[in-house]
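In what follows, a structure is listed as structure tokens, so that the remarks can point back to it.
Every read-out reported here was derived from the displayed coordinates using simple, explicitly stated rules and does not represent laboratory data. Worth saying up front: this structure is predicted, and the values here are computed from it rather than measured. FYI the Cβ positions are ideal-geometry reconstructions off the backbone, even for glycines, and counts take in every protein chain you see.
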Amino acid sequence: MESSEYFVDEALLQRVPKWRNYYAAKLGFRNHWYPVRLSSELGEGQVIAATLCGVELLLKRVDGVVFALRDRCIHRGVKFSDKVECYTRDTITCWYHGFTYRWGDGVLTDILASPSSKAIGKRKVDSYPVEEAKGLIFVYMGDQGATPQPLSEDVPPGFLDDDMVIHSARYDVGSNWRVGAENGFDGLHVYIHRTSPLLASTQRSLPIGHATESGKIFLQEEDGKPKGVLDPFEHHVSLWEGKIGGEVVVKGTKRMTGNNPNRTTGASMWLPGCLRVDNFPDEGLFIYEWYVPETADTHNYVITIGKRLTSEADKAAFEHEFWSRWKPISFEGFNNQDIEARVGLQKFYKDDVAWLDEGLIEGDAPLIAWRELCHRHNRGVQKPEDVR
Ligand code: FES
Ligand SMILES: [Fe+2]
């Protein structure tokens, strides 16, 4: 793909002044933390590739610590991943002329085919800060040498809490990350989930739609905290029947606990692209899911499910439940419907002009609030020079 395909034309950006930066962020935001792989995908001494915000990376775990380097030799630009050579634990050697870099900081420590070169010790390949938390490997897609913002400002509230036990899975999706994020946070798309097997499994309610009363969205924009748009469902007017000309053609699923339908209580969307859903897929559970930018047309869909637990017995039971129930029925019996929707959306939104042609309605207001929040609070847009 040509690098120009990654970026939106300047004239188009001017047409959406309040969310211009979001529109421009086809490859995501810079100077933010993103989960790129599950910790379980990278064993000790292993090397794996990942793409983040258009940048190809290589990850290695050394003595338990994960490092990330750009997967491109500074000499003639070949990819290390074409033939990984690690002669020592903490270096990687380019297979072409033996340029050897330190995993910890990317510094060129040796050149096997030219050991007296003046470049040794002076030049480096780009390296990126890494943190592991809750079984995810987070990479900071930041400027070289910059001190990263704390991870806690780039994840939804609650995610890092000590008692929040997290299990996760990861899926590759054929849509831009913004299409993924907006599918997740879209209150009206609950319509597509009416056929999910999750509903019978959990005995939960699921309306076929709901109107958000305007003004009931909340923004979290305080300094030093995660930035997000909150859509608490207590303000939603749920719709349980879909009608055409007054005739009911589709029904939602309504199950009552006392006087209330037993349902999800809220959704919120957080920079740089993580949805939190409360009391879903069942009471006492939280979904935190990331739409991690890879290329202009793909994102890395990292879904996690969390539960507040302290005892070891409860944690073991939750782990069993994750593998036997939540992964197959929720991730792969509910979120798979979202993946299909995103692939459908991408056919339209892959064209930059489409973002100006969409016909949104009142219930889409949270999506606009999300775009505008991103515009105001992102720490930088991934630019052509960042992926060149
Ligand atoms: S291209 Fe990597 S050492 Fe020459
Ligand atoms: Fe969904």
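Take the alpha-carbon centre of the stretch 311-369, take the same for the stretch 197-253, and report the distance between them in whole Å.
14
Please name whichever of A341, H375, V173 sits farthest to the positive end of the charge dipole of the stretch 151-387, dipole taken about the Cα centre and charges placed at Cβ: Lys and Arg +1, Asp and Glu -1.
A341
In square nanometres, what is one fourth of the surface area of the convex hull spanned by the alpha carbons of the chain?
Numbers: hull surface 85.6 nm².
Mean orientational projected area (the chain, Cα hull): 21.4 nm².
Between N262 and D143, what length comes free when the chain is fully extended (0.36 nm per residue of separation minus the Cα-Cα distance, one decimal in nm)? Provide the component values of the computation, followed by the final result.
Working: separation 119, 0.36 × 119 = 42.84 nm, distance 4.60 nm.
Gain on stretching N262 to D143: 38.2 nm.
Under a plain spin-label model, where a point goes 7 Å from the Cα along Cα-to-Cβ, how far apart in nm are K251 and A200?
If labels sit at K251 and A200, their model points lie 1.6 nm apart.
Full extension from V78 to A133: what is 0.36 nm times the residue separation minus their Cα-Cα distance, to one decimal in nm?
On the way: separation 55, 0.36 × 55 = 19.80 nm, distance 3.16 nm.
Difference between extended and current length: 16.6 nm.
Looking only at Cβ-Cβ distances, which cysteines of the chain have no other cysteine closer than 4.7 Å?
Result for the chain is C53, C86, C274, C374, no neighbouring Cys Cβ within the cutoff.
Divide by every residue of the chain the summed helix terms, -39500 (n - 2.57) for each DSSP H run of at least 4, and state the resulting mean residue ellipticity at 222 nm, rounded to the nearest 500 deg cm²/dmol. If you can, show how the numbers build up before the last one.
Details: 9 runs with 68 residues, N = 388.
Counting only the DSSP helices, I get -4500 deg cm²/dmol.
Scan around R37 for amide H atoms under 5 Å from its own, H built in the peptide plane at 1.01 Å from N, and keep only partners 5 or more places away or cross-chain.
I137
What whole-number volume per residue, in cubic angstrom, does the convex hull of the C-alpha atoms of the stretch 239-328 give? Intermediate values should be presented prior to the final figure.
Values: hull volume 16.8 nm³, N = 90.
Per-residue hull volume (Cα only) is 187 Å³.
Restricting to DSSP loop positions (anything but H, G, I, E, B) with no more than 13 other Cβ atoms inside 10 Å of their own Cβ, which trypsin sites (Lys or Arg not before Pro) remain in the stretch 253-351? Write out the running numbers ahead of the final one.
Details: sites: K254, R255, R263, R276, K307, R308, K315, R325, R342, K347, K350; in loops: K254, R255, R263, K350.
Filter output for the stretch 253-351: R255.
What are the residues whose amide H is under 5 Å from the amide H of E132, where those residues sit 5 or more places off or on another chain and H is modelled from the backbone?
HN-HN under 5 Å from E132: F138.
In square nanometres and to one decimal, what's the mean projected area of the convex hull around the Cα atoms of the stretch 57-145? Intermediate values should be presented prior to the final figure.
Details: hull surface 23.5 nm².
Dividing the Cα hull surface by four gives the mean projection, 5.9 nm².
Rounded to the nearest 20 Debye, what is the dipole magnitude of the chain about its Cα centre when Lys and Arg each give +1 and Asp and Glu each give -1 at the C-beta?
Details: 46 positive and 56 negative charges, 113 e Å.
Taking the Cα centre of the chain as origin, the dipole is about 540 debye.
Which one of G45, Y96, C86 has its Cα pushed farthest toward the positive end of the charge dipole of the stretch 33-140, where Lys and Arg give +1 and Asp and Glu give -1 at the Cβ?
Of the candidates, Y96 comes out farthest on the positive side.
Quick one: compute the contact order of the chain, relative version, from alpha carbon pairs under 8 angstrom and 6+ residues apart, as a percent.
Numbers: 801 pairs, mean separation 83.5, N = 388.
Over the chain, the number comes to 22 percent.
Please compare each pair in K134/K350; K18/K243; K225/K383; K227/K383 to a cut-off of 29 Å on the Cα-Cα distance and tell me which ones are over it. Before the final figure, lay out the partial values.
Numbers: K134/K350 33 Å; K18/K243 35 Å; K225/K383 25 Å; K227/K383 22 Å.
Distance filter (> 29 Å) returns K134/K350; K18/K243.
Exposure proxy check: E294, E319 ranked by fewest other beta carbons within 10 Å? Walk me through the numbers before you get to the answer.
Working: E294 24, E319 12.
Least to most surrounded, the residues fall as E319, E294.
At what distance in angstrom do the alpha carbon centres of the stretch 143-157 and the stretch 258-287 lie from each other?
Answer, in whole Å: 25.
Non-local amide H neighbours of L57 (under 5 Å, H modeled in plane, Pro and chain starts lacking H): which ones?
The list, which skips near neighbours in sequence, is A50, T51, L52, D71.
Where in the stretch 1-45 is the amide nitrogen less than 20 Å from a point lying 7 Å along the Cα-to-Cβ axis of R388?
Of the residues in the stretch 1-45, 1-11, 24-31 have backbone N under 20 Å from the label point off R388.
If you build a Gaussian network model of the chain, linking Cα atoms that sit under 10 Å apart, which residue out of M256, M141, M269 swings the most?
For the chain, modelled as a Gaussian network with Cα springs under 10 Å, the answer is M256.
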